[in-house]
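Trainee: This is the structure I want to talk about, given as structure tokens.
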Amino acid sequence: MKKHLCEAHLHTSEGSACASVSGAEQAERYRALGYDTIFVTDHFFNGNSAVDRSLPWEERINAYCRGFENAQARGKEIGLTVLFGIEYTYGSADFLTYGVDKRWLVSHPELEDNDFFRYAALVHEAGGFLVHAHPFRRAGYLREIRLIPDYTDAVEIINTHNKDGLSNERAKWYARQFDFCVTGGTDNHDVPAGEFCAVCTEKKITTVSDYISAVKNRKLTLETIQFESEMQTAEHI
Ligand SMILES: [Zn+2]
Ligand SMILES: [Zn+2]
């Protein structure tokens, strides 16, 4: 049975200051690797955003969505589904957000206040879904471990951008303790080769709702795949 591969955590240089490849390049690379679907989850304005924070709200959202839109346009040409997500930062906690879109962001300029709890309530009101990304990552830019189980819908238990295996083991422990649904991602900023994480599903993910229901209903497997070069395809798995 053929598995379908989805990347749930990825950055573009248009949206994220820490990423070095564009949305179009990410789309091309993932298509070459054999993925069916990618989410673009650029850092929001409270994280490492590449967007000028002095722009008026709507222009800022337009700039924020550019990496996604460029990836989506290239994806259409080459047969890759590209879906929208957000990585929202609250102190040392990063929440991947699925199920809201550009129009929703434009209509909520109050998000400028960076109030995570208000954000979470608005996302849930809109039918969105919050995944706590790499909850136990240790890195110089993180000052604490911040768990917010009551506002968390699922936990990212594999993040191949984490520098040590222990961070993922702790995330698995956290998910087990609270019986959270789980998912994973590469958190790809620029890596052309190396270890990737794929969300594998029997049915291809073509909409954000497909992804949310696969996570909620635990209808996925998580695989880490070693890619030697970007031209190697995933056909063999
Ligand atoms: Zn980043
Ligand atoms: Zn990320």
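The values are calculated or read from the model by the stated rules, or taken from the named source; none is laboratory data. Computed from a predicted model, the values in this text were never measured in an experiment. Using ideal geometry, Cβ is built from the backbone for each residue, glycine included, and neighbour counts are taken over all protein chains shown.
Trainee: Whether any residue in segment 43-51 is more than 16 Å from ligand 1 (Cβ to nearest atom), buried (at least 21 other Cβ atoms within 10 Å of the Cβ), modelled with pLDDT of 95 or more and of a type in the set (Val, Ile, Thr) is what I want to check.
Mentor: Residues of segment 43-51 that are more than 16 Å from ligand 1 (Cβ to nearest atom), as a first pass: none.
No, every residue in segment 43-51 fails to be more than 16 Å from ligand 1 (Cβ to nearest atom), buried (at least 21 other Cβ atoms within 10 Å of the Cβ), modelled with pLDDT of 95 or more and of a type in the set (Val, Ile, Thr).
Condition check ((1) touching a strand residue (DSSP E or B) at 6+ places or on another chain (Cβ under 9 Å); (2) more than 16 Å from ligand 2 (Cβ to nearest atom); (3) under 25 Å from residue 152 (Cβ atoms)) across all residues:
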{"site": "58", "(1), (2), (3)": "no, yes, no"}
{"site": "77", "(1), (2), (3)": "no, yes, no"}
{"site": "81", "(1), (2), (3)": "yes, yes, no"}
{"site": "84", "(1), (2), (3)": "yes, no, yes"}
{"site": "93", "(1), (2), (3)": "yes, no, yes"}
{"site": "105", "(1), (2), (3)": "yes, yes, yes"}
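Trainee: Okay, next question. Identify all residues within segment 20-42 that are within 16 Å of ligand 1 (Cβ to nearest atom), in contact (Cβ under 8 Å) with a residue 60 or more places away in the chain and surrounded by fewer than 24 Cβ atoms within 10 Å (Cβ to Cβ); write none if there are none.
Mentor: Result: 20, 21.
Trainee: How about segment 20-53: which of its residues are in a loop (DSSP other than H, G, I, E, B) and either within 18 Å of residue 156 (Cβ to Cβ) or not small (Gly, Ala, Ser) (or both)?
Mentor: Hits for segment 20-53 are 21, 35, 36, 44, 45, 46, 47, 48, 51, 52, 53.
Trainee: Tally time: how many residues in segment 84-106 are modelled with pLDDT of 95 or more and over 26 Å from residue 37 (Cβ atoms)?
Mentor: Final tally of qualifying residues: 1.
One line per residue, one yes/no per condition, for (1) surrounded by 13 or more Cβ atoms within 10 Å (Cβ to Cβ); (2) free of Cβ contacts under 8 Å to residues at least 40 places away in the same chain; (3) out of contact with any Pro (no Cβ under 6 Å at 6 or more places or on another chain); (4) closer than 22 Å to residue 129 by Cα:
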site	(1), (2), (3), (4)
144	no, no, yes, no
157	yes, no, yes, yes
176	no, yes, yes, yes
184	yes, no, yes, yes
189	yes, no, yes, no
194	yes, yes, yes, no
210	yes, yes, yes, yes
224	yes, no, yes, no
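Trainee: Output the residue which, of all residues in segment 138-179 that are under 19 Å from the mean Cα position of the chain (by Cα), at pLDDT 95 or above and of a type in the set (D, E, K, R), is farthest from residue 48 (Cα to Cα).
Mentor: Among them, the one singled out is 172.
Trainee: Do any helices (runs of 4 or more DSSP H) entirely within segment 66-125 hold 3 or more residues that are of a type in the set (Lys, Arg), and if so, which? Spell out the reasoning first.
Mentor: Details: elements: 66-78, 102-106, 116-125.
So the answer is 66-78.
Trainee: Looking at residue 167 and the list (1) among the polar types (S, T, N, Q); (2) within 16 Å of ligand 2 (Cβ to nearest atom); (3) within 20 Å of residue 26 (Cα to Cα), which single condition is not satisfied?
Mentor: So the condition that residue 167 fails would be (3).
Trainee: Can you find, within segment 1-19, the residue that is modelled with the lowest pLDDT among those that are in a loop (DSSP other than H, G, I, E, B) and more than 16 Å from ligand 1 (Cβ to nearest atom)?
Mentor: Restricting attention to segment 1-19, the residues satisfying the condition of being in a loop (DSSP other than H, G, I, E, B) are 1-3, 8-9, 11-15, 17-19.
Narrowing further to those that are more than 16 Å from ligand 1 (Cβ to nearest atom): 1-3.
On the way: 1: 64, 2: 78, 3: 93.
Going through the qualifying residues, I end up with 1.
Trainee: Only residues in segment 110-126 that are modelled with pLDDT under 95 count as the first member; pair them with residues that are assigned to a loop (DSSP other than H, G, I, E, B), Cβ under 8 angstrom, at least 6 apart or cross-chain, and list the lot.
Mentor: Once the first residue is modelled with pLDDT under 95 and sits in segment 110-126, its partners that are assigned to a loop (DSSP other than H, G, I, E, B) give 112/45; 114/45; 114/46.
Trainee: Continuing with this model, one more query. Would you mind stating whether residue 63 is small (Gly, Ala, Ser), out of contact with any Phe, Trp or Tyr (no Cβ under 7 Å at 6 or more places or on another chain) and part of a helix (DSSP H, G or I)?
Mentor: Numbers: small (Gly, Ala, Ser): yes; out of contact with any Phe, Trp or Tyr (no Cβ under 7 Å at 6 or more places or on another chain): yes; part of a helix (DSSP H, G or I): yes.
Answer is yes for this residue.
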